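Worksheet: the structure to be examined is printed underneath.
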């Protein structure tokens, strides 16, 4: 955003130079007219657009020196309006895992092979300490947003009587924070008191923000600080897991891929941000992220949507 120029009061410096002299002297007298005379002969009139002798627009009565200031003011106003654009959403943290790497390509949709899915269900689950007054979305509304995000990546929802599903989705959502307690211990010999902190859900929060992935990489200090700060923040999250339907039929739980999506809860609630969260994470469904992905408004504006060639799917013939 450009700088906003604030008008200032006139100072003695403003009266120096040609412009200052003009301000001190006032308007110049018309040649041939006595001092104090009006700026036009008595009884005369100004030309207007309606006058038959003048067909153009009325002349600008603004002093010529104000025209650059007017142009500058319009430029500043345009820059201010462009910078005041309402942000689309919060910073979204996405961590995605492919549990069965050999099956990742098989369960990723393509033009030749669509992937059909069903939603088995989901529910609210708090990771850490529950906070009173935390707004949570309606489960049916969240299910619809998950279906919208899946559709954007080529996954097709199937119903009873439709094509056989390839994967089944389970999801959970809620608030997430480090649940810890401070314990004070006093040394019986020295009398000194020390405090130790015990965290109960460190592993769950580390998985949510991708800390385990970061441990396997050499990171810059700023990158590590960003992940650690996310782990310390109070967050809200959406968790999606995809299961192999063929394995479920055999009463086996075979997870294909997992995606964890979270945002800080300090300024945003899950009901208002769930669409942006899922839209930001959708490109990472059924893929592996080497590191946690922090997605901001600028990243979402740069996203490219590729639409394939439309095809007409004929309905199946009625059963006889």
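Determine, yes or no, whether residue 198 is surrounded by 17 or more Cβ atoms within 10 Å (Cβ to Cβ) and either touching a helix residue (DSSP H, G or I) at 6+ places or on another chain (Cβ under 7 Å) or more than 27 Å from residue 283 (Cβ to Cβ) (or both). No: the conditions fail for residue 198. With respect to the stated conditions, residue 282 is under 13 Å from residue 96 (Cα atoms) and either in contact (Cβ under 8 Å) with a residue 12 or more places away in the chain or crowded, with 17+ Cβ neighbours inside 10 Å (or both). The numbered conditions (1) within 21 Å of residue 117 (Cβ to Cβ); (2) modelled with pLDDT under 95 are all true for residue 224 except (1). Mind listing just one residue for me: the one in the stretch 285-298 that is touching a strand residue (DSSP E or B) at 6+ places or on another chain (Cβ under 7 Å) and not in a loop (DSSP other than H, G, I, E, B) and, of those, surrounded by the most Cβ atoms within 10 Å (Cβ to Cβ)? Here the residue is 295.
Of the residues making up the stretch 193-219, those that are within 18 Å of residue 294 (Cβ to Cβ) and at pLDDT 90 or above are 205, 206, 207, 208, 209, 210, 211, 212, 213.
When the stretch 136-169 is filtered for residues that are surrounded by fewer than 11 Cβ atoms within 10 Å (Cβ to Cβ) and over 22 Å from residue 245 (Cβ atoms), the ones remaining, listed by number, are 138, 140.
Scanning the stretch 171-192 for residues that are more than 25 Å from the chain's Cα centre (by Cα) and either modelled with pLDDT of 95 or more or surrounded by 13 or more Cβ atoms within 10 Å (Cβ to Cβ) (or both) turns up 179, 180.
Considering the stretch 97-134, the residues that are part of a loop (DSSP other than H, G, I, E, B), touching a helix residue (DSSP H, G or I) at 6+ places or on another chain (Cβ under 9 Å) and within 21 Å of residue 205 (Cβ to Cβ) include one that is modelled with the lowest pLDDT, namely 134. Restricting attention to the stretch 135-169, which residues are within 21 Å of residue 253 (Cβ to Cβ) and touching a helix residue (DSSP H, G or I) at 6+ places or on another chain (Cβ under 8 Å)? Hits for the stretch 135-169 are 146, 150, 164, 165, 166, 167, 168, 169. Identification of strands (runs of 3 or more DSSP E) wholly contained in the stretch 149-255 with 1 or more residues that are closer than 19 Å to residue 92 by Cβ and in contact (Cβ under 8 Å) with a residue 60 or more places away in the chain yields 167-176, 235-244.
The values are calculated or read from the model by the stated rules, or taken from the named source; none is laboratory data. Predicted model only: the values in this text are computed from it and were never measured. Because the Cβ atoms are built from the backbone with ideal geometry, glycine has one as well, and the counts that use them run over all protein chains shown.
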